[in-house]
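For reference, the structure discussed in these notes is given below.
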Amino acid sequence: MIELFNENGHMNVMFNDLGEGLMVQSNQHMIVHNDEAMILDPGGHKIYTKLFSSISSIIKKKNLKYIFFSHQDPDIIASANAWLMISEAEAYLSELWIRFIPHFGVDKYVISRIHCIPDEG
């Protein structure tokens, strides 16, 4: 975990090197503002437990308000269902990638909390 910024209740933390072996190393970020947090690109199944443990030392699970997925690759989005099942967070991703979500086993109970960002911006 690398604290990139921490001032006046606003923090940006990068979680790197959570993967092992041949896994693609993607850097997960968390932005915290006054105890509310957003995770950016939470990653795949293999790093879910490590990332959850790391963020739990910074915020309470109930304070995870948002999840942002930058694209559909497994190293970015494969743990979507797990994050949505353990939190009340709302998730956002490009409208282009929403059709990939079912391939990652997103549960019917949480799909309504995934919101499309129009491709026009």
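The values are calculated or read from the model by the stated rules, or taken from the named source; none is laboratory data. These numbers were taken from a predicted model, which means no experiment stands behind them. Here Cβ is always computed from backbone atoms with ideal geometry, including for glycine, and neighbour counts include all displayed protein chains.
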Worksheet item: If you check every pair at least six apart or on different chains, which have Cβ atoms under 9 Å apart with a residue in the stretch 78-107 that is under 13 Å from Pro42 (Cα atoms) and in contact (Cβ under 8 Å) with a residue 24 or more places away in the chain first and a residue that is of a type in the set (Gly, Ala, Ser) and surrounded by fewer than 16 Cβ atoms within 10 Å (Cβ to Cβ) second?
Response: Ala78/Gly105; Ala80/Gly105; Asn81/Gly105; Leu93/Ser70
Worksheet item: Inside the stretch 58-121, counting only strands (runs of 3 or more DSSP E) that do not spill past its ends, which hold 1 or more residues that are of a type in the set (A, V, I, L, M) and touching a Pro at 6+ places or on another chain (Cβ under 8 Å)?
Response: 64-69
Item to complete: Could you please find all residues in the stretch 25-57 being in a loop (DSSP other than H, G, I, E, B) and crowded, with 17+ Cβ neighbours inside 10 Å?
Response: Ser26, Asp41, Pro42, Gly43, Gly44
Worksheet item: Before we move on, is Ile98 surrounded by fewer than 14 Cβ atoms within 10 Å (Cβ to Cβ) and either among the hydrophobic types (A, V, I, L, M, F, W, C) or out of contact with any Leu (no Cβ under 8 Å at 6 or more places or on another chain) (or both)?
Response: no
Discussion item. I'm told Asp75 meets every condition in (1) within 25 Å of Pro118 (Cβ to Cβ); (2) surrounded by fewer than 20 Cβ atoms within 10 Å (Cβ to Cβ); (3) at pLDDT 95 or above except one. Can you identify the failing condition by its number?
Written reply: (3)
Practice prompt. Collect the residues in the stretch 2-24 that are surrounded by 12 or more Cβ atoms within 10 Å (Cβ to Cβ) and either modelled with pLDDT under 90 or under 17 Å from Ser87 (Cα atoms) (or both), keeping them in residue-number order.
Written response: Asn16, Leu18, Gly19, Met23
Fill in: Residue ID - nearest to Gln28 (Cα to Cα), chosen from residues in the stretch 78-114 that are basic (Lys, Arg) and at pLDDT below 90
Arg99
Worksheet item: Can you find even one residue in the stretch 1-12 that is aliphatic (A, V, I, L, M) and within 28 Å of Arg99 (Cβ to Cβ)?
Response: no
Worksheet item: Is at least one residue of the stretch 2-21 in contact (Cβ under 8 Å) with a residue 12 or more places away in the chain, under 20 Å from Ile117 (Cβ atoms) and among the polar types (S, T, N, Q)?
Response: no
